1. Considering only the stretch 30-42, how many residues are more than 16 Å from the ligand (Cβ to nearest atom) and open to solvent by less than 10 Å² (accessible area, probe 1.4 Å)?
2. Search the stretch 44-74 for residues being free of Cβ contacts under 8 Å to residues at least 40 places away in the same chain and of a type outside the set (A, V, I, L, M), and hand back the single one that is nearest to His115 (Cα to Cα).
3. Look through Gly74, Gly45, Gly61 and report the one residue that is small (Gly, Ala, Ser), farther than 14 Å from Ala136 by Cα and within 16 Å of the ligand (Cβ to nearest atom).
4. Output the number of the condition that Gly122 fails; it satisfies all remaining conditions of (1) buried (at least 21 other Cβ atoms within 10 Å of the Cβ); (2) within 15 Å of the ligand (Cβ to nearest atom); (3) in a helix (DSSP H, G or I).
5. Kindly indicate which of Glu106, Glu89 is within 14 Å of the ligand (Cβ to nearest atom), more than 20 Å from Tyr154 (Cα to Cα) and of a type in the set (Asp, Glu).
6. Tally time: how many residues in the stretch 146-192 are under 24 Å from Gly120 (Cβ atoms), among the charged types (D, E, K, R) and assigned to a helix (DSSP H, G or I)?
7. Going by the conditions given, is Arg158 among the basic types (Lys, Arg), crowded, with 16+ Cβ neighbours inside 10 Å, more than 16 Å from the ligand (Cβ to nearest atom) and more than 19 Å from Gly55 (Cα to Cα)?
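The values are calculated or read from the model by the stated rules, or taken from the named source; none is laboratory data. Because the structure is a prediction, the values reported are computed rather than measured. When we count neighbours, we look across all protein chains shown, and the Cβ atoms used for this are built from the backbone with ideal geometry, even at glycine. When the accessible area is computed, the model is the full protein with side chains, heavy atoms only, and any ligands, DNA or RNA have been set aside. Shrake-Rupley method; radii C 1.70, N 1.55, O 1.52, S 1.80 Å.
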Amino acid sequence: MDCWAYISDPILERTLCGLDAGVASHCERVARHAVQLGALLGFDGHDLGVLGLAGRIHDIGKLHVPAAIVQKSGRLTPHEWALMQRHSETGQRIVLAQRDIPFREEVALLVRHHHEHWDGGGYPDGLRGDAIPISARILAVVDSYDALTSERPYHRPRTHAEAMAILLPERCTKHDPDLLDLFVQRVIGAVD
Ligand SMILES: [Fe+2]
């Protein structure tokens with residue numbers, strides 16, 4: 001399956017129109033880097049397609065988070081953070097409701113779990129280690145790197161070195177260490 005074939009899918013159009021341009025380009029990069037990492041791991045075409053599609057719409061649940069929270073430049077209050085964290089579960093429900101998304105159950109599962117942490121400290125389910133679907137672990141790594149190196153309402157874009165100084169200490173806490181190592185050595189070092 002070619003994940004890039006779904007650019008004109010209605011839900012993607014709504015996603016790209018409903019979220020700002022920065023979010024849309026972030027999702028495109030997450031999808032591209034995730035597919036590169038999946039390919040290095042030997043994923044077949046089906047799994048690469050599911051991964052690419054999930055990467056493109058992983059934050060679709062943010063459409064249901066108040067824009068004032070998504071775009072807030074300051075620190076989120078505990079209540080705002082709780083609302084923000086709902087975007088992964090909301091995203092899963094949105095994807096499952098779209099009959100026109102191929103393999104939507106698999107895509108929706110990755111959307112749900114893209115903020116789980118290797119040590120069990122993530123959300124929404126606090127899954128740990130290998131219990132987290134490997135494609136969701138991939139999305140967590142590439143999403144984190146791209147978020148750090150992108151302009152956000154609450155921070156300037158970090159340089160690669162600055163992003164590494166944040167990401168590497170998260171090896172074995174937030175991120176699957178093997179996937180983070182492979183991403184740093186073979187994906188980030190090879191593109192852009
Ligand atoms: Fe997210």
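1. As a first pass, look at the stretch 30-42 and keep what is more than 16 Å from the ligand (Cβ to nearest atom): 32, 35-42.
From what's left, open to solvent by less than 10 Å² (accessible area, probe 1.4 Å): 37-38.
Total satisfying the criteria: 2.
2. For the stretch 44-74, the residue satisfying everything is His64.
3. Values: Gly74 fails: within 16 Å of the ligand (Cβ to nearest atom); Gly45 fails: within 16 Å of the ligand (Cβ to nearest atom).
When all the criteria are applied, what remains is Gly61.
4. (3)
5. Values: Glu106 fails: within 14 Å of the ligand (Cβ to nearest atom).
Residue meeting the stated conditions: Glu89.
6. So the answer is 4.
7. Working: among the basic types (Lys, Arg): yes; crowded, with 16+ Cβ neighbours inside 10 Å: yes; more than 16 Å from the ligand (Cβ to nearest atom): yes; more than 19 Å from Gly55 (Cα to Cα): yes.
When the stated conditions are applied, Arg158 passes them.
Per-residue answers, yes or no, for (1) in a loop (DSSP other than H, G, I, E, B); (2) surrounded by 14 or more Cβ atoms within 10 Å (Cβ to Cβ); (3) in contact (Cβ under 8 Å) with a residue 12 or more places away in the chain:
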site	(1), (2), (3)
Leu76	yes, yes, no
His79	no, no, no
Glu89	no, yes, yes
Asp130	no, no, no
Ser144	no, yes, yes
